[in-house]
1. Applying the selection to region 54-65, what residues are farther than 11 Å from ASN133 by Cβ and either touching a Gly at 6+ places or on another chain (Cβ under 7 Å) or part of a loop (DSSP other than H, G, I, E, B) (or both)?
2. I'd like the residue in region 89-118 that is over 13 Å from the mean Cα position of the chain (by Cα) and surrounded by 23 or more Cβ atoms within 10 Å (Cβ to Cβ) and, out of all such residues, is modelled with the highest pLDDT.
3. Out of PRO51, PRO62, which single residue is touching an Asp or Glu at 6+ places or on another chain (Cβ under 7 Å), surrounded by fewer than 19 Cβ atoms within 10 Å (Cβ to Cβ) and touching a residue at least 12 places away in the same chain (Cβ under 8 Å)?
4. Cβ contacts < 7 Å: first residue over 12 Å from ALA59 (Cβ atoms), restricted to region 86-114; second residue modelled with pLDDT of 95 or more and among the β-branched types (Val, Ile, Thr), any location; separation 6+ or different chain. Result?
5. For region 119-151, give me each residue that is in contact (Cβ under 8 Å) with a residue 24 or more places away in the chain, in a strand (DSSP E or B) and surrounded by 17 or more Cβ atoms within 10 Å (Cβ to Cβ).
6. Which one is surrounded by the most Cβ atoms within 10 Å (Cβ to Cβ), of the residues in region 152-163 that are assigned to a loop (DSSP other than H, G, I, E, B) and touching a Gly at 6+ places or on another chain (Cβ under 8 Å)?
7. Within region 94-118, which residues are in a strand (DSSP E or B) and either among the aliphatic types (A, V, I, L, M) or within 24 Å of PHE161 (Cβ to Cβ) (or both)?
Amino acid sequence: MKNVFKFLGIITFIAVIAFSMAACGDDDSSAGGGGSSGAGSGGTFTLTGIPSEYNGMYAGTPGNFLSEGVLQGFQSISKAGDYTYPRISNGSVSIPMWIFSNSTDPSSAKRYTGNDTATGYAGFIVDFFSDSNGDKTIGSSFFDSVTFSNGNAARSWNDAFWR
């Protein structure tokens, strides 16, 4: 009789684990889903003509306020809010763009697909980093504004009013 109860306990334990895993799902559509990447649907900001000394470095954009939230550019973000940024290669970088409905909550980030002009308090800024997590800023480029169409925009290094 002990063996029957032991067997039923093991079956119950396995069922609980299986149902728990099924309830979790695997939706990684938001940036806060535990390390979502920039792949998938959503726009990018592409910067070209970057001087060769920046090749191998990384780039991202800090927040620009739009009517639907805060627009930022990065490769991925963890649940804890740790960013990673895309690498500059051959004088160019394509930065996945994200919109935060709540600027303090990483799980509110969704890939950006809008049609807006981003300006910010100092224009539209692109920061450059020597590391992929953005701890060591090595410079910035400033643009008066950047207009996005279906979430995408492109500018040249030479278009910046300050770098």
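The values are calculated or read from the model by the stated rules, or taken from the named source; none is laboratory data. Predicted model only: the values in this text are computed from it and were never measured. All Cβ positions, even for glycine, are placed from backbone atoms using ideal geometry, and neighbour counts span all protein chains on display.
1. Correct list: ASN55, GLY56, MET57, THR61, ASN64.
2. Filtering region 89-118 for residues that are over 13 Å from the mean Cα position of the chain (by Cα) and surrounded by 23 or more Cβ atoms within 10 Å (Cβ to Cβ), the one modelled with the highest pLDDT comes out as VAL93.
3. The conditions single out PRO62.
4. Every condition considered, the pairs that remain are MET97/THR44.
5. GLY123, PHE124, ILE125, VAL126, ASP127, PHE128, PHE129, SER141, VAL146
6. ARG163
7. SER94, ILE95, MET97, ILE99, ALA109, THR117, ALA118
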